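I have placed the structure first, in the form of structure tokens, so that the comments after it can refer back to it.
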Amino acid sequence: MQVRLVMTVIGKDRTGLVESVASIVAQHGGNWLESRMCRLGGEFAGILRAEVPAENQPALLEALKELQANGLSVVVQPDRPEAVSHAGKLAAFEIVGHDRPGIVRQITHALASHGVNVEDFSSECVSAPMSGEPLFKAQARLRIPDRCDVAALRRELEQMAADLMVDISFAELEDGR
């Protein structure tokens, strides 16, 4: 029997960090299923899903704990896919504008108040091409429940964009793409 695990990994960025985790997974008969990993500042952060034979899980967990001696923190949780609902429609959301504190909080508050789940989110601050001022960019994949009034959500996001003086795009995706 195979068990699926979700792991979070964080530590000082360095060469070989991902390989150290991948080697431990492979040494315990595991299969790396999917991951999202990146460098943020001087830290490396990531999440991954792996599958491992149930009898190898205890040894895998012990081996991952040993990575702490090298400054890498790994937290492992069982994968619980049955808790995830895929009901509703997918949507793509993007925002671009001058950076200021509170943008993510305001947008995510509006989404949550409409019952929208953020399935994937990435953001960055870059220098604006002409002015060099901080420019905030974010992209998200959203799961919109069937009970959500999409027109009301769209109006609220457009009003928020006007208040924050940012550009947004919000589009429902067909066929889950």
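Please treat every number below as a calculation from the coordinates, not as lab data. Just so you know, these numbers come straight off a predicted model, no measurement behind them. FYI the Cβ positions are ideal-geometry reconstructions off the backbone, even for glycines, and counts take in every protein chain you see.
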Notebook entry, point to check: Any idea what diffusion coefficient the chain gets from Stokes-Einstein, in µm²/s, Kirkwood Rh on alpha carbon pairs, 37 °C, 0.692 mPa s?
Noted result: 175 µm²/s
Item checked: Selected from GLY71, PRO129, VAL21, residue furthest toward positive end of dipole (the chain; charges at beta carbon) -> GLY71
Check: Using a cut-off of 30 Å between alpha-carbon atoms, which lysines can reach LYS137, once sequence neighbours fewer than 8 places away in the same chain are excluded?
Finding: LYS12, LYS89
Notebook entry, point to check: How much length is gained on full extension from VAL96 to ARG36, taking 0.36 nm per residue of separation minus their Cα-Cα distance?
Noted result: 19.4 nm
